[in-house]
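The values are calculated or read from the model by the stated rules, or taken from the named source; none is laboratory data. Just so we're clear, the structure is a prediction, and the values are computed from it rather than from any experiment. Positions of Cβ are backbone-derived with ideal geometry, glycine not excepted, and every protein chain shown enters the neighbour counts. With ligands, DNA and RNA removed, areas are computed over all heavy atoms of the protein, side chains included. Shrake-Rupley method; radii C 1.70, N 1.55, O 1.52, S 1.80 Å.
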Amino acid sequence: MMVTFRNLVTAPNKVTVVLQKIFGRDATEIAVGTLSAMTVKVLAIACIFLMNLVIVRQIGAAESGIFFLCLATASFLANIGRLGLDKSVVRFVSVANAGEDRGSVHPIHRKALVWGASCCIVIGILLFIFRSSICEVVFDKPFLEPVLALMAFAIPLVGIYTLHASSLQGLKEIVLAMATLSLLVPLVTLVALLFFGASDAAETAGIYLTACVVTVCFGCFWWYRATPRGPVSGVFSSAQLRRSCLPLWGAVFCNQIVAWSSLLLLGVWASTEEVGFFAIAQRTALLTSLVLIATNAITAPKLAVISAQEKPEELVRVARLSVRFALAGAIPGLLLIIVWPHRLMGLFGADFIGAVNALIILAVGQFVNNATGQVQGILSMSGNEVKVGQNLAISAVVSLSLGFALIPYYGLIGAAIAQAASVASQNILGVVQIKKIFGFNIMYFWRSHNY
């Protein structure tokens, strides 16, 4: 029998009962959920780190730069192709699963999957058709074409397994959601690289594509294994889903600009070696957000239910709890990067030590992300998707403006500054919006109530 996070939290064991009496049910659920999700996320981060290390060691800085640039392009397009449905799915599946209408869980998932997969397939086809023009005109690097062609096939696969992960998150199957979203692709890629190896970026892309196929299969299996049994209503309003996801689609587009524009613009103006340096530094800086990502996985569906039940005091308490957990994990990670940056980057080769300053800048930007907590999640889970879009639009402008201004002249450092500044501005704007809408400052993490 599969052990789930929900079983762990609700099980009438002595440890759970004692923890709930001391810290309360919300804190216990977030702590247990964070620990469960973080266990998977630690494995995922370890696999990603080792995967990146093996890729760089096997194919070198230049070829790894080609792979990471094509991966960034495919990831950017796949996230846009999901139409903003992933957060909407978490919200609606959470509410449906917590209420009496559990039969609508399947229709929500099915409708989102059809919409998202269809759009991703169209985008993948267009990328495959116009790959030559993109490589020559946009990046001025014709040698990217065979790798970009393979990555076009990954776009619908990434879209599908991400939506499966969002649906599992809505069911509070946090471990399965995190495994689908973050663990399986790097794990399978790492194992395949160790067993079969790769000599260039194209072979690496082929292995990555195979890992995406495996992840889609597991995501489908876990979803149908975890979904509630019983009658299926077969009814969920398309208009309701559309009203939620379309504002988020704009937000996702802007968020992808924040996440990937620095690397993509670096690919336009710099060498593939510098792209590889930046990609490794960016992924290493994410170590500081390990606990935040894990905490968000459990608090997102919880915030959706609290918002639907209109419990403002509980919303404040859960939001600030998430910040406390995030900071507890972020501070050691930031110190590790600041104190030993040369050792961290040196693991990938002597050439990568030149990206030390970029790593520190990116880590500081991620620390601001941790200090502000799940601001975007609170807004989107409470029906304020338009506000999320507005905040991210401003951050996207910051990212592009700084990218165009700095990257042509300062290369790697310019890309790091643009990335860090846009991430920080995005979350600070979210703090301001939450203060306006709900009347509390989420950064006052030492407070438990709305004052």
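Evaluate the following for LEU241: is it closer than 26 Å to GLU173 by Cα and at pLDDT 75 or above? The answer is yes for LEU241.
Output the residues belonging to the range 187-198 that are open to solvent by 10 Å² or more (accessible area, probe 1.4 Å) and outside any loop (DSSP other than H, G, I, E, B). Answer for the range 187-198, where residues must be open to solvent by 10 Å² or more (accessible area, probe 1.4 Å) and outside any loop (DSSP other than H, G, I, E, B): LEU187, VAL188, LEU190, VAL191, ALA192, LEU194, PHE195, PHE196. Only one entry of ILE337, ILE331, ILE353 meets the criterion of being under 26 Å from SER395 (Cα atoms) and either open to solvent by 50 Å² or more (accessible area, probe 1.4 Å) or not in a helix (DSSP H, G or I) (or both), and that entry is ILE331.
For SER262, are the conditions met, namely being small (Gly, Ala, Ser), in a helix (DSSP H, G or I) and at pLDDT 85 or above? So SER262 fits the description; yes.
Rundown of residues vs (1) modelled with pLDDT of 85 or more; (2) of a type in the set (A, V, I, L, M, F, W, C); (3) open to solvent by less than 50 Å² (accessible area, probe 1.4 Å), yes/no style:
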{"residue": "THR215", "(1), (2), (3)": "yes, no, yes"}
{"residue": "ARG229", "(1), (2), (3)": "no, no, no"}
{"residue": "SER271", "(1), (2), (3)": "yes, no, yes"}
{"residue": "ILE280", "(1), (2), (3)": "yes, yes, yes"}
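Annotation note: Cβ proximity below 8 Å between a residue of the range 413-432 that is under 17 Å from GLN390 (Cβ atoms) and open to solvent by 20 Å² or more (accessible area, probe 1.4 Å) and a residue that is in a helix (DSSP H, G or I) and modelled with pLDDT of 95 or more (sequence gap 6+ or interchain) occurs for no pair.
On the basis of being without any contact (Cβ under 8 Å) to a residue 24 or more places away in the chain and touching a Cys at 6+ places or on another chain (Cβ under 6 Å), does PRO156 make the cut? Answer is no for this residue. In the range 397-410, the residues that are surrounded by fewer than 19 Cβ atoms within 10 Å (Cβ to Cβ) form Cβ pairs under 7 Å with partners that are not aromatic (Phe, Trp, Tyr), at six or more places apart or across chains, as follows: LEU400/ILE257; LEU400/SER261. Across the range 199-212, not a single residue is classified as under 19 Å from ASP86 (Cβ atoms), modelled with pLDDT under 95 and not in a loop (DSSP other than H, G, I, E, B). In the list THR34, THR39, which residue meets the criterion of being at pLDDT below 60 and within 19 Å of the chain's Cα centre (by Cα)? One residue alone meets the criteria, THR34.
Within the range 394-416, the presence of a residue that is at pLDDT 80 or above, in a helix (DSSP H, G or I) and in contact with a Lys or Arg (Cβ under 6 Å, 6 or more places away or on another chain) is excluded. Among the candidates LEU144, LEU171, LEU150, the residue that is in contact (Cβ under 8 Å) with a residue 12 or more places away in the chain, surrounded by fewer than 24 Cβ atoms within 10 Å (Cβ to Cβ) and more than 16 Å from the chain's Cα centre (by Cα) is uniquely LEU150.
Reported count of residues in the range 70-87, each being assigned to a helix (DSSP H, G or I), open to solvent by 10 Å² or more (accessible area, probe 1.4 Å) and either within 16 Å of TYR208 (Cα to Cα) or in contact with a Phe, Trp or Tyr (Cβ under 9 Å, 6 or more places away or on another chain) (or both), is 6. Within the range 366-380, track down each residue that is touching a Leu at 6+ places or on another chain (Cβ under 8 Å) and open to solvent by 10 Å² or more (accessible area, probe 1.4 Å). Hits for the range 366-380 are GLN366, PHE367, ASN369, ALA371, GLN374, GLN376.
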